[in-house]
Amino acid sequence: MISVQNLTKQFNTTIAVHNLSFDVNEGQVFGLIGPDSAGKTTTLRVISTAMRPTSGRVTVGGVDVTRDPGAVNQLIGYMPQRFALYPDLTVVENLNFFADIFGSPRARRGELVARLLGFARLTEFQSRLARNLSGGMQKKLALAATLMHTPRVLLLDEPTTGVDPVSRREFWDLLTDVHLQGVTIVISTPYLDEAERCARIGLLYRGELIACDDPRKLRDEMRAVVFEAQAEQSLRARKLIERSEGVLTVSTHGDLLRVLADRAERAGAIQAAWRASGLAVSDLRAVKPRLEDAFVLMIQKQESK
Amino acid sequence: MNSRLVSIIRKEFIHIIRDPRSLAIMFVIPIIQLILLGYAATTDIRRLNTAVYDADRTIQSRQLIEAYRASDYFAIRYNVGNETEIAELLDRGDVRAGIIIPSGYGDNLAKGKAAQVAFLIDGSDPTVASTAFAASQSVGQAQSIQILQRRLGVDVTQLGGVEIRPRVWYNPELKSASYMIPAVMGMILQFLTTMFTALTIVREREQGTIEQLVVTPIKSWELVVGKVVPYIGVAFFDLAEVLFMGVLLFDVPIRGNVPLLLVLSLLFLLTTLGFGLLISTVARTQQEAMFLSFLVMLPGIFLSGFFFPLEAMPGWLQAVSYVIPLRYMLVILRGIILKGVGLPPLMDQVIALAILGPLIFAAASMRFRKSLE
C-alpha cells in the first residue's frame, strides 16, 4: 500500500532522513519507532505530501506523492503531531469544514458527521469550541476529522503523546475499529508498548532505519540474555560491571539492575565481581527480554559503527 | 459555486466574528483614526498666540493691533513693555509671533512718511511660519491701503490697477478635514487589508493548522482567494463607515459617484492584499507579519501625498512614489469625494493601479506555496 524507496530529506545542512526504504502492506498497522528527532515526523510528512522529498520515491496505493499529490490526499488521512484543527471552531464546525474541503456529498453529510461523532464519543460535546476540549478529546476529534473522507490509509504522528493512560487506551480502541475496516495505518510513537501492538515496526535512529520487522520477532531473535538483580547501591554496582567481558549494557531503575549479556554463562563472573568489592547485590535472575532491550542493543550497535 | 472556496470563506468569517480583538481593530480603529487625524492633523492655522510691544501708544498703533486681532490669525495674548520680553516669550514657545511697534509710528504716519513695524515669527514650524508670514503681510497691506485712502480722500478701487479675486474651488473654506478624510480612508483600506491578510495566513502556520490544510485537496488559489475575500468585505464596510462618519462629524462633501469609488477601490485592494500575501510568505510569526505590514505602510503614507504634497519633493523621491499604490488611490479618493470628478480625469491613476495590482498579486501568488516549507 505504501512504498518508500531510498527516501532522503534534507533541510539546509541537516539531513533529517537518510536513504530510507520500507513497505507497508494493505491493511497493516505499521509503527515508526524511535527517539525524538529520529526522523519520524519528517517521514510521515513526506508520505502525506506535506513535504517534498529531497530524493527517493514514495508511493501510496501506487500513486507517486510528488507526481500526483492531489490523488494521494484523497487516499490518506494525516493527523499531525500538534493539534491542527481550528481552536475557535466548534467540534461540528471543524468536521463540516474538512468534509467540505474533501467535497463529501451534502446529502449524506448529517449521517456521516453523526456517525463519526459517535465513533469518537464526542456527540455530547459537538457544539463546544475545539480549544475547550481536553487533550484526549482533541486527539479523538483530530482522528475523526481525518476520517471524514473515508481514507484508505491513516498516517498518525505520535497521536498519544501527552495523553493520559485512559485516553490512550481509548484512542487505541478507536484505531482498532478503523483497522478492522481494512484501513492501513502508519503510526509513529515513542512508546514501546504501543510498538508491540503493530504488525510491523521500523526503528528509526538519527534519520536512518536500523531495523524493520515484526516487533515480536525483533524481540525474540535478539542475541542476548537479560538478567535482573536488586542492589542498594545500584549505580556503583552498575559501574563495576559495565566494562566486564560479555556485558552489553546495564541499566538502573531505582534499586533494580537490568543487565544484558551475550551469554547466560556470564552471570557467574558478574556476581563474583560484586562479591569481591563487598557490594550487597541480590542474585542475578534471568528474565524475559523486552522490545526495549532489543532496541537498546540495536541502537548501541548502530552507534559503535 | 466552488464548495471548497465557500467553506474557506465561511471559516474565515467565523474566525473574524469570534475574535473580539480583531473585531475591535477592524471596526473601532478606523473611527479612532478618523477622529484623530480629522481633528489633530489639521493644518488650519488660526488664532496664533501673539505678543505685542507697543512703544508708540497712539490711535494709529492701536488701529494696527486691532487689525491683526480682527484678522483671526493672531490672538494677542500679551502686551509687553520691551523687546526682550517678546524674545523670551518666543523662546519659551508661549507665543509664535511678536509685533513691535516703535515709538514715532503714529507720528510718521501723520506726517505722511513711511512707518515701520517689526513682525517676529517663530520659524521652527515652517507650516505655521509661512501662514503667519503671509497673514502678517496681507493685514499690513490692507492697513496701509486704508491709511492711503484716508489721506488721499479717494476710493483706491476706483483708481484702476490690478485686482486679484481668488476663488477657491472644491474646498472653499480650505478645511483640512475635507482634505484629510479621503486620505484616511485610503490609509485604513491599506492598513486593514495588508495586515489582516498577512496575519490570517501566518496564523495558520503559527498555530499549526496549515499542516492539516496542506494534505487536503484544496488548491493554493482557493486558499488565497478564500482568505482574502472576507477582508475585502471588511474593507468595504470600513470604507462606508469612515465615509459616513466623515460626513457626520466633519461635513465632508461627497460630490462624486460612490459606486465608481467602490469599483476603483477594488483595484487598489488588489495591490494591498497582494502586499499582505507577500508578507505572509516571508513572516514566520504573527508579530513579524504585523511588523512587516507597518514597514510596508509607513513609507507609503509619507510618499503618497498623504501629509506632504508630492510636487514639493525632490525628483528621485517622486520617482520612488510611483510604485506606491496609495499615491494613486489618494488622487482617486480626493478626486471623487472632493472634486466630484468622473473616470476620465482619473485614467492615469486607474492605469497605474491596473498595472501595479496584478503585478504585486502575481508576485505574491508565485511565492505562496501550499506546503509546509
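The values are calculated or read from the model by the stated rules, or taken from the named source; none is laboratory data. Small disclaimer: the values here were computed from a predicted structure and weren't measured. All Cβ positions, even for glycine, are placed from backbone atoms using ideal geometry, and neighbour counts span all protein chains on display. For the accessible areas, the whole protein counts, side chains as well, though only heavy atoms, and no ligand, DNA or RNA atoms are used. Shrake-Rupley method; radii C 1.70, N 1.55, O 1.52, S 1.80 Å.
Summary of values
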| quantity | calculated |
| --- | --- |
| Residue ranges of helices (runs of 4 or more DSSP H) in segment B:1-80 with at least 3 members within 21 Å of residue B:194 (Cβ to Cβ) | B:3-17, B:20-27, B:29-40 |
| Count of residues meeting criterion [surrounded by fewer than 16 Cβ atoms within 10 Å (Cβ to Cβ) and in contact with an Asp or Glu (Cβ under 7 Å, 6 or more places away or on another chain)] in segment A:253-301 | 5 |
| Residue identified as in a helix (DSSP H, G or I), among the charged types (D, E, K, R), open to solvent by 20 Å² or more (accessible area, probe 1.4 Å) and more than 21 Å from residue A:87 (Cβ to Cβ) among B:241, B:222 | B:241 |
| Residues that are aliphatic (A, V, I, L, M) and assigned to a helix (DSSP H, G or I), drawn from segment B:205-219 | B:210, B:213 |
| Condition check for residue A:186: without any contact (Cβ under 8 Å) to a residue 40 or more places away in the chain, outside any loop (DSSP other than H, G, I, E, B) and crowded, with 18+ Cβ neighbours inside 10 Å | no |
| Residue within segment B:298-310 that is open to solvent by 40 Å² or more (accessible area, probe 1.4 Å), outside any loop (DSSP other than H, G, I, E, B), without any contact (Cβ under 8 Å) to a residue 24 or more places away in the chain and not aromatic (Phe, Trp, Tyr) present | yes |
| Positions within segment B:257-292 being open to solvent by 50 Å² or more (accessible area, probe 1.4 Å), in a loop (DSSP other than H, G, I, E, B) and over 23 Å from residue B:240 (Cα atoms), in sequence order | B:284 |
| Residue within segment A:193-201 that is open to solvent by 60 Å² or more (accessible area, probe 1.4 Å), under 30 Å from residue A:44 (Cα atoms), in contact (Cβ under 8 Å) with a residue 12 or more places away in the chain and touching a Phe, Trp or Tyr at 6+ places or on another chain (Cβ under 8 Å) present | yes |
| Residue list for segment B:11-25, filter: of a type in the set (Gly, Ala, Ser) and either in contact with a helix residue (DSSP H, G or I) (Cβ under 9 Å, 6 or more places away or on another chain) or facing another protein chain (nearest Cβ under 10 Å) (or both) | B:22 |
| Test set (1) more than 18 Å from the chain's Cα centre (by Cα); (2) away from chain A (no Cβ under 14 Å) - residue B:250 fails condition number | (1) |
| Top-ranked residue of segment A:202-222 - restricted to ones that are basic (Lys, Arg) and touching a residue at least 40 places away in the same chain (Cβ under 8 Å), ranked as least open to solvent (accessible area, probe 1.4 Å) | A:219 |
| Count - residues of segment A:44-79 that are in a strand (DSSP E or B), open to solvent by 50 Å² or more (accessible area, probe 1.4 Å) and small (Gly, Ala, Ser) | 1 |
